[in-house]
Structures are given as structure tokens and as C-alpha cells.
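The values are calculated or read from the model by the stated rules, or taken from the named source; none is laboratory data. Fair warning: this is a prediction, and the values are worked out from it, not measured in the lab. Cβ: placed from backbone, ideal geometry, glycine included. Neighbour counts: every protein chain shown.
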């Protein structure tokens, strides 16, 4: 008996496409935070080794020489990058300054410069995934740290009395000024070789280590400084945009004071003691603001690629994460702000004048300010929380549901038990893969917005191509009585193993491309709600699940009652339309990831149709529509002639 197969040998297409999707995520290099730890240690402890050009502690001085040599060697081993030569010169200068027994101001100046260059050139900073639990940190400090550093952090713990060098006094302002939270986190994680500072990377969780870094990093912040800082953070124009989470984590207080002034210095102290103030929508808005400024600066310097990457990050890593929340509050404002980000990317892509790019950036930043004002207050309202939560899940889940439901209805009508099992296997595997990807993004590596869009884009285009083929195949057989009779009775044997695996892959890819982004959007939404409105987030999820269940039930109910030939035609039309939608979204995602260039049109975005205002996307969808119509008509004519 001849076996019908959509794809060649069993499972080969499924495996190949699965590998292509999962490995479209770029590799991430290991970060070099240990270099930050070294340079900060030198900057903070040099005063204990040399005073007025004289060595006051040979042991401390030997350590300074060792650490600066390690720093210079570590910089030399970093991968090539623009700015590495300057970084190497700074590291060599610091090593020479220690050998010359230079004054403390010179050592601190060089240390600050090296830290800033490391951050700028290699993007070293990492950040906590959620607001540090300072109550938990206080308990950990007493059980893990107080014996050496003292109950109040003065470095006077009983176990530290015999240590050389002595434990850090966290309340000392000079040390506070020179230590970043990133440096503290690295010290807690890796320890300090040759000292009494143990490594806690294997015994404390990442969240606990960040909480401890914030806790000890705020020991020198006085109540009056925190009060002044809170007022400055909430009232000084531009302060929330300039003090981003990355700034809080990566920069030492004295760096912030030099760059932004005493009010920013006080605000940084407030944020160290109350980090929850940054773990809300402001961090996404602030990130967008910074990336837009970075794009403008890079474009002025003639680095178009860097400008394009920064502009993409401004949207993907920042604004996109609050789109659903903003849409729930003011949909028109959301669309207007989104269009301004698009205008920035278009101006860079088309190499407009620097002045025009600057104007577009200014307009986008003004839109961010409007978004910040719209989302200001004590989190989202109950209605906005419920609405955003509902539409995140319903929008992302509807397309996947329609595809899976159509496939299952077909296999159930044809009594194809084996094929049904494989379809279920596909969407369950997608849920697991999505969860694992989310776990990796939160614990192992950091996925950028471009990586997320690359994954979605590749998955979207692949899904579109396969759905187009499956839809056309269904239509071409919708009027074949011989085929319909055959498939009614023997579909399990008629469907080859290659066909079954293609159905599995369609089920997998349709769900996987949605699940990861859905989780990320809910993470962003979670940071916008208060304890009073958190239940409404879950109400929204429940309502979306209920709505999707109703859609699924109706699809099954109606589909099972339709004659098989009519069902084939309706389902083929649904799959062809979805293929056009997914093609548009996939191309848009690849454009946002910077893989495909974009030439923008003056037409509105119609997201539910996958219509995004770019020449490439519109042309691709138009070709798909024309090809679909031609094939549909040819198939209908052939069937009418009995071919």
C-alpha cells in the first residue's frame, strides 16, 4: 500500500528544523566581572598600603602589586574590541602608579576610569532579576558575615580580629564611595584569594548574593542621605532616566557624583537602601532612554552599526516590555510612542542627517516621558492589570491554539489516533522547551531582546512556510472523493511517519514561538503591580484561559459537525491566513533583531493581521497572498475537472 508523506524520511525534517530554531540563539561569552573586583579592591584598599608616598604595610603593598599585575594580564586576555587598547593602557598605568607609590587620588582616578571602560567596552554589568530581599539579606548577614565584619558592619567582628587584611568596614564612607554593587556581588560570589573573604557562589543563591551586595553596599547610607536621595530621585527632572538599574549596579557612588552631581549621588544612596524603587516600569523606560541616547551618540560618531543596535535594544529590551501595560492605560499613546521608535530606526537605516536622527531620538524620548507619566503612580490600576494580563495571554495563545485545534480536529475526524498523539506531544514539548528557555534566561544566561526576536522570527517564518504547505495540501484534497473515502477509513496507515513528524513539528513550533515571549511579558507586568492589584493579574490569566478554552471548544464542536470536504476547505483557509500572519510577524521580528533591513511605509500597523509598515514585510505577505490565491484557484479548477 502506498503511504502518503508530506516530508521525506521519518522525523528527519522535524529534527533538522528543531535544531535550527533552538540553535538560532546566539552564544554568550563569559563575563569578566572578576576584573571589576580586582580594580575596585585596589582603589579601595590602596590607602592601607601607601600614605604620602611611603609604604605603611608591606603586606598590603605586595597585594596591590600582585592585583594590578593580574589586572593587566586579565585585560590583555580579553577578546578584541573597540576600546581594548585604551583599557590596556589604563591597566598598565595603574600598575605603574602602584610601583611609583603614587598618591591615593591618582590610584582612585585610574581605578574609576578602568571600571567605567570595562563596563562600556565589554558590557560587563549583570543585574538582579528582581528586587533584592533586604530582610532576607539582614538575616544572612548576621549568620554569614557578622562574625568577621561586625554586627553593624564596622569590620570589628570577633572572628576578624586576627585577619590580615582586616575585614571591610562597610560604614566607612571612603570605601562606600569607591565600591560598586557589581564589585561587591563579585566579591561575595568569588571571595578574595589570600584574604579571609570566602567565596559564597556555591552556598548562596544568586538572589541571596545580590541581596547581600545591596545590604552591605548601603551600610554607609545615612537616613538623611536616603531622605534627600528619595526626594531627588522623585522630583529632579531626568533623574529616573539617568539612574538606571545598570548604573546603580555598575557604578561606584563617587563615579556618579563626578558624572551627575551631588543630587544623583544622594539618589544612588537612596536606591541602594530601597532598590525596589527601580524594579518597576521605570527601569524599562530608563533603559530605553539610555539606549536611545547611546544610538544618537554612536550615529554622531559615524558608527551606524552601533547606532542601529542601540536603537533596536531601546525598543526590544525596554519599551516593548511595557507595551501591554501602556496599551491597557492609553492605547493611542502606546501606538504613537512605538511609531517614534520606528522612526529612529528608519532614520538610521536610511542614513539621514545627524540632525534629523537627533530630532527623531528626542521625539522618542519625549514619548517615553509621556509613557512614564501615564504609568506613574502606585502601579497599574486593577482594571489595567486585568486587561493587560488578559490580552497578553489571549493574543499570544490564540494563533497557536487555532493551529493545534485545526490539526487535532482533522485527525479526530479521520480517527487518526497515532497522529493525534504526536500533535499532543508537539505542543507539550513546546511548553517544556519554553519553560526551559525561560529558566535559562533567568538563571544561566541573559537573552537580549534581539536574541528573543531572532528566535521568534526564525520560528515564525518556518511555521508560516509549513502552514502554507499544509493548508494548500488540505485544499487540494478537499474535493477528492477517492481521497476523502480513503482517509476516513485508513488515515493512520495512510499518513506516513514523515507526515506525522511534520504535524508534530507544526504543533511544537506554533506553541514554542509564543510561550517564551508570553513569560517575558508577564515578568514585566509583574513588576508593575502592587500587592493590592496582584490578584487581578491572575484574574486576567484565568479569563484568558477561559476565553481560549471557549474558542477551542467551538472550533472542535463546529469542526466535528462539518462534512469532511467542507472542513478541509475551511481549515485550509484558516491555515493559509495564519501562514500570512506568521510570515509578517516573523519578518518583523527578524528586522527588529537586525537580521533583515527595514524600509518603512506610511501605513498603520495591524498587528492581528501581522501587517507591519515595512516594504520587506508587506511585499512578502503580498507574494504569499497572490501565490495562495493562484494555487487555490488552480486547485479548485483541477478538482472541478475531476483531475
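Couple of notes before you dig in:
- Failed criterion for residue 254 (all others in (1) at pLDDT 80 or above; (2) crowded, with 23+ Cβ neighbours inside 10 Å hold): (2)
- Filter result for residue 259 (surrounded by fewer than 20 Cβ atoms within 10 Å (Cβ to Cβ) and within 20 Å of residue 182 (Cα to Cα)): yes
- Residues (in contact with a strand residue (DSSP E or B) (Cβ under 8 Å, 6 or more places away or on another chain) and at pLDDT below 70) located in segment 605-643: 605
- Meets criteria (in contact (Cβ under 8 Å) with a residue 60 or more places away in the chain and buried (at least 23 other Cβ atoms within 10 Å of the Cβ)) for residue 216: yes
- Residue match in segment 332-350 (condition: assigned to a loop (DSSP other than H, G, I, E, B), at pLDDT below 90 and within 21 Å of residue 613 (Cα to Cα)): yes
- Test for residue 347: is it over 25 Å from residue 127 (Cα atoms), crowded, with 22+ Cβ neighbours inside 10 Å and without any contact (Cβ under 8 Å) to a residue 24 or more places away in the chain: yes
- Odd one out for residue 140, checked against (1) touching a residue at least 12 places away in the same chain (Cβ under 8 Å); (2) under 37 Å from the mean Cα position of the chain (by Cα); (3) under 24 Å from residue 61 (Cβ atoms): (3)
- For residue 176: the one exception among (1) out of contact with any helix residue (DSSP H, G or I) (no Cβ under 7 Å at 6 or more places or on another chain); (2) crowded, with 19+ Cβ neighbours inside 10 Å: (1)
- Where residue 372 falls short, out of the listed (1) free of Cβ contacts under 8 Å to residues at least 60 places away in the same chain; (2) farther than 25 Å from residue 596 by Cα: (1)
- Output for segment 302-338, where each listed residue is surrounded by fewer than 23 Cβ atoms within 10 Å (Cβ to Cβ), in contact (Cβ under 8 Å) with a residue 24 or more places away in the chain and more than 19 Å from the chain's Cα centre (by Cα): 304, 327, 329, 330, 333, 334, 335, 336
- Of all the listed residues (538, 553), the sole one being free of Cβ contacts under 8 Å to residues at least 40 places away in the same chain, surrounded by fewer than 16 Cβ atoms within 10 Å (Cβ to Cβ) and over 20 Å from residue 612 (Cα atoms) is 553.
- Qualifying residue in segment 162-173 (condition: on the phi > 0 side of the Ramachandran plot and surrounded by fewer than 20 Cβ atoms within 10 Å (Cβ to Cβ)): no
- Of note, residue 199 does not satisfy the criterion of being at negative phi and either out of contact with any helix residue (DSSP H, G or I) (no Cβ under 7 Å at 6 or more places or on another chain) or at pLDDT 85 or above (or both).
- Any hit, segment 267-287, residues being without any contact (Cβ under 8 Å) to a residue 24 or more places away in the chain and either surrounded by fewer than 24 Cβ atoms within 10 Å (Cβ to Cβ) or under 22 Å from residue 323 (Cα atoms) (or both): no
- Long-range neighbours under 7 Å by Cβ, at least six apart or interchain, first residue on the phi > 0 side of the Ramachandran plot within segment 77-95, second assigned to a helix (DSSP H, G or I) and modelled with pLDDT under 85: 83/117; 83/120; 83/121
- Only one of the numbered conditions (1) out of contact with any strand residue (DSSP E or B) (no Cβ under 8 Å at 6 or more places or on another chain); (2) modelled with pLDDT of 50 or more; (3) surrounded by fewer than 16 Cβ atoms within 10 Å (Cβ to Cβ) is violated by residue 56, and that is (1).
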